[in-house]
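The structure appears right after this line, and notes come after that.
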Amino acid sequence: MKNNHPHLQFLGDTAILDRPMVALLCSAKCPGKLILDTYDLAKQFRERGITVISGFHSPMEEECLRILLRSPHPVVWCLARGMLKRIPAKPVDCRAAVTEGRLLIVSPFKDNVRHVTAKTAVERNRIVADLAAAVVVAHAAPGSKIEALAHELLVAGKPLYTFVHSANAALLTAGAQAIA
């Protein structure tokens, strides 16, 4: 099992971590065209059996979780809080996916961390990127924590992809590869 983070807690099949994964990140506010592009990309990931890891926290990421769970392929959901006491049924019903071994829920935080904060979200996104072979940033709002992380990943040589769109111009200029 690929685990450079020995403090992680798991709910589900940890063998999923042995698969190559693509991280999916998106700022909370996302331009309409990029929402449509991201839906299409999530459907492609689902159809191709690509294992996606994400925090599935922003509205766009959450919608991608809904799309990805409609397939038999594995998904990894990394929390920005302590481990859940029970498998969630809302806003996305994850119970069947965990039971069937196709959703792994991961938390890098102790159980007493019960709420997502800006700090825990940043740490979670770093772990998501670290566990992935490549990172897709559907959109990083200017000046956002996701934009800062994307720049760090590019400097570190992590493969980073984004959509060609004026809202992503800074990432593309910094060296992000265009999603074809």
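The values are calculated or read from the model by the stated rules, or taken from the named source; none is laboratory data. As the structure is a prediction and not an experimental result, all values here were calculated from the model. With ideal geometry, Cβ positions are generated from the backbone for all residues, glycine too; neighbour counts draw on all protein chains shown. What goes into the accessible areas is simple: the full protein's heavy atoms, side chains included, and nothing from ligands, DNA or RNA. Shrake-Rupley method; radii C 1.70, N 1.55, O 1.52, S 1.80 Å.
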Practice item. Filter the range 74-87 for residues that are modelled with pLDDT of 95 or more and open to solvent by 50 Å² or more (accessible area, probe 1.4 Å) and give the result. Key: Arg81
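Give me the residue from the range 2-52 that is β-branched (Val, Ile, Thr) and within 22 Å of Arg126 (Cβ to Cβ) and, out of that set, surrounded by the fewest Cβ atoms within 10 Å (Cβ to Cβ). Even if it seems obvious, please write down each step before you answer.
First, the residues of the range 2-52 that are β-branched (Val, Ile, Thr): 14, 16, 22, 35, 38, 50-52.
Then keep just the ones that are within 22 Å of Arg126 (Cβ to Cβ); that gives 14, 16, 22, 38, 50-52.
Details: Thr14: 15, Ile16: 21, Val22: 18, Thr38: 23, Ile50: 20, Thr51: 21, Val52: 26.
By that ranking, first place goes to Thr14.
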Point to revise | Hits in the range 123-148 - residues which are in a helix (DSSP H, G or I) and under 12 Å from the mean Cα position of the chain (by Cα) | key: Arg124, Asn125, Arg126, Ile127, Val128, Ala129, Asp130, Leu131, Ile146
Check your understanding: Within the range 158-168, can one find any residue that is out of contact with any Ser or Thr (no Cβ under 7 Å at 6 or more places or on another chain) and more than 20 Å from Leu41 (Cβ to Cβ)?
Key -> no
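Being within 28 Å of Gly32 (Cα to Cα) and either more than 11 Å from the chain's Cα centre (by Cα) or open to solvent by less than 10 Å² (accessible area, probe 1.4 Å) (or both) is the requirement here; does Val113 meet it? Even if it seems obvious, please write down each step before you answer.
On the way: within 28 Å of Gly32 (Cα to Cα): no; either more than 11 Å from the chain's Cα centre (by Cα) or open to solvent by less than 10 Å² (accessible area, probe 1.4 Å) (or both): yes.
So Val113 fails the test.
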Review point. If Lys90 satisfies every condition in (1) loosely packed, with under 15 Cβ neighbours inside 10 Å; (2) more than 23 Å from Val116 (Cα to Cα) but one, which is the exception?
Key: (2)
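Assess whether Arg70 counts as being touching a helix residue (DSSP H, G or I) at 6+ places or on another chain (Cβ under 8 Å), basic (Lys, Arg) and either open to solvent by less than 10 Å² (accessible area, probe 1.4 Å) or outside any loop (DSSP other than H, G, I, E, B) (or both). Show your work before the answer.
Details: touching a helix residue (DSSP H, G or I) at 6+ places or on another chain (Cβ under 8 Å): yes; basic (Lys, Arg): yes; either open to solvent by less than 10 Å² (accessible area, probe 1.4 Å) or outside any loop (DSSP other than H, G, I, E, B) (or both): no.
Against the criterion (touching a helix residue (DSSP H, G or I) at 6+ places or on another chain (Cβ under 8 Å), basic (Lys, Arg) and either open to solvent by less than 10 Å² (accessible area, probe 1.4 Å) or outside any loop (DSSP other than H, G, I, E, B) (or both)), Arg70 does not qualify.
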Study note, to complete from the structure: Conditions (1) modelled with pLDDT of 95 or more; (2) outside any strand (DSSP E or B); (3) of a type in the set (Val, Ile, Thr); (4) in contact with a Lys or Arg (Cβ under 9 Å, 6 or more places away or on another chain) -> Thr38 fails only (4)
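Condition test on Leu65, is it open to solvent by less than 40 Å² (accessible area, probe 1.4 Å), out of contact with any helix residue (DSSP H, G or I) (no Cβ under 8 Å at 6 or more places or on another chain) and either among the charged types (D, E, K, R) or at pLDDT below 95 (or both)?
Criteria not met by Leu65.
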Study note, to complete from the structure: Filter the range 130-168 for residues that are in contact with a helix residue (DSSP H, G or I) (Cβ under 6 Å, 6 or more places away or on another chain) and of a type in the set (Gly, Ala, Ser); the one that is surrounded by the most Cβ atoms within 10 Å (Cβ to Cβ) is Ala138
Study note, to complete from the structure: Residue hits (the range 93-110; surrounded by fewer than 18 Cβ atoms within 10 Å (Cβ to Cβ) and either within 15 Å of the chain's Cα centre (by Cα) or closer than 17 Å to Cys64 by Cβ (or both)) are Asp93
Point to revise | the range 38-86, subset under 16 Å from Glu100 (Cα atoms) and in contact (Cβ under 8 Å) with a residue 60 or more places away in the chain, residue farthest from the chain's Cα centre (by Cα) | key: Pro74
